[in-house]
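The values are calculated or read from the model by the stated rules, or taken from the named source; none is laboratory data. Here the structure is a predicted model, which is why all the values come from computation and not from measurement. Heads up, the Cβs are rebuilt from the backbone with ideal geometry, glycines too, and the neighbour counts pull from every protein chain shown.
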Amino acid sequence: MNWDRVEGQWKQRRGKAVQHWGKLMNDDLAAIAGKHEQLVGTLQEKYGIAKEEAKRQVDEFKKSIEQLKKSNANLMRSQKSKKKKSNGISVKAKTSSRRRQPS
């Protein structure tokens, strides 16, 4: 995932950013609007850290978003698979219960 995608989904990601960096307020993140360099600069300012450390933290944040996205995708696939299996079983059970036994 490149930063452009993070920027495009920034409104959805702001909550995670607030959790990740407690000193950043929602207003700060709204003003940043997903801009990589602005986020790095704001982290430097709020936390008093060097630019390289701020960049490292932003890269770490991006990786955590990627992992969460993959995890969610795997969970969705698993749920769909389970649903298909349970639907298949219930359909078989319904059709077998509808059949009449010969007298």
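Looking at 78, 86, 71, which one is within 19 Å of residue 12 (Cα to Cα), surrounded by fewer than 14 Cβ atoms within 10 Å (Cβ to Cβ), out of contact with any strand residue (DSSP E or B) (no Cβ under 8 Å at 6 or more places or on another chain) and at pLDDT below 85?
71
For the stretch 10-46, which residues satisfy the criterion of being surrounded by 15 or more Cβ atoms within 10 Å (Cβ to Cβ), under 15 Å from residue 65 (Cα atoms) and charged (D, E, K, R)?
13, 14
Where residues in the stretch 47-82 are of a type in the set (D, E, K, R) and touching a helix residue (DSSP H, G or I) at 6+ places or on another chain (Cβ under 7 Å), which of them is nearest to residue 3 (Cα to Cα)?
Per the criteria, the residue is 62.
Which number in (1) out of contact with any Leu (no Cβ under 9 Å at 6 or more places or on another chain); (2) part of a helix (DSSP H, G or I); (3) surrounded by 12 or more Cβ atoms within 10 Å (Cβ to Cβ) marks the one condition that residue 57 misses?
Condition (1) is where residue 57 drops out.
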